[in-house]
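What follows is a single structure, written as structure tokens, with notes after it.
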Amino acid sequence: MSRHFRFGGEWLVDEPHEDLHDRLVDLEHYPDWWPEVRAVASLGDDDALVVVRSRLPYDLELHLHAVHRRGDLLETTVDGDLVGWVRWRMTPVDERRTRLAFEQEVEVAGRLLGLAAHVARPLLVWNHNRMMGSAVRRIASASRA
């Protein structure tokens, strides 16, 4: 087993495309609606330090650098405990719904996380899936509020 992970998912979200884009591009406010994003510190216009924690009792510290902020694509590079990239793709379905696709490809950095990637890979995938499910549920519930 390797340190390499590739994640993805696609959802139909009851939120207009422009509103969803505005929410996802506003990284500093992720902790307001996504509790697994514990903290965000801006490091400039295109960079942020982000701390995330899902169900398992460990924090990941990530340095994100914005690559694209187009209407249909948000992309960042990731460095820190994980190294790779993350993409959100948004396609309007109609005036009130958007198709949201998530893609992530990362390598686990560090000896301890690398060991965890080999020993507990299914548990780490489960943990990631819980975090992404939480994001989608909270987007959906916020758009109905």
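The values are calculated or read from the model by the stated rules, or taken from the named source; none is laboratory data. From a predicted model like this one, the values you see are computed outputs, not experimental measurements. Counting neighbours? That spans all protein chains shown, and the Cβs are built from the backbone with ideal geometry, glycine included. To get the accessible areas, we keep the full protein, side chains included, count just its heavy atoms, and leave off ligands, DNA and RNA. Shrake-Rupley method; radii C 1.70, N 1.55, O 1.52, S 1.80 Å.
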task: Among what's in region 88-104 and is open to solvent by 50 Å² or more (accessible area, probe 1.4 Å) and of a type in the set (D, E, K, R), pick the residue that is nearest to Arg53 (Cα to Cα).
output: Arg89
query: Taking into account only those residues within region 105-141 that are surrounded by 14 or more Cβ atoms within 10 Å (Cβ to Cβ) and within 20 Å of Asp19 (Cβ to Cβ), which is modelled with the lowest pLDDT?
result: Ala140
message: Checking the structure you have, find out if any residue of region 11-18 is in a loop (DSSP other than H, G, I, E, B), farther than 22 Å from Ser134 by Cα and touching a Lys or Arg at 6+ places or on another chain (Cβ under 9 Å).
response: no
query: Limited to region 24-40, what total is found for residues that are closer than 15 Å to Asp59 by Cα, open to solvent by 50 Å² or more (accessible area, probe 1.4 Å) and in contact (Cβ under 8 Å) with a residue 24 or more places away in the chain?
result: 1
statement: Within region 65-84, of all residues that are in contact with a helix residue (DSSP H, G or I) (Cβ under 7 Å, 6 or more places away or on another chain) and buried (at least 17 other Cβ atoms within 10 Å of the Cβ), the one farthest from Ala117 (Cα to Cα) is Leu74
- request: Go through region 97-134 and count every residue that is of a type outside the set (Gly, Ala, Ser) and under 30 Å from Gly71 (Cβ atoms).
  value: 15
- request: Please work out which one of (1) part of a strand (DSSP E or B); (2) surrounded by 14 or more Cβ atoms within 10 Å (Cβ to Cβ); (3) not acidic (Asp, Glu) is the condition Arg6 fails and give its number.
  value: (2)
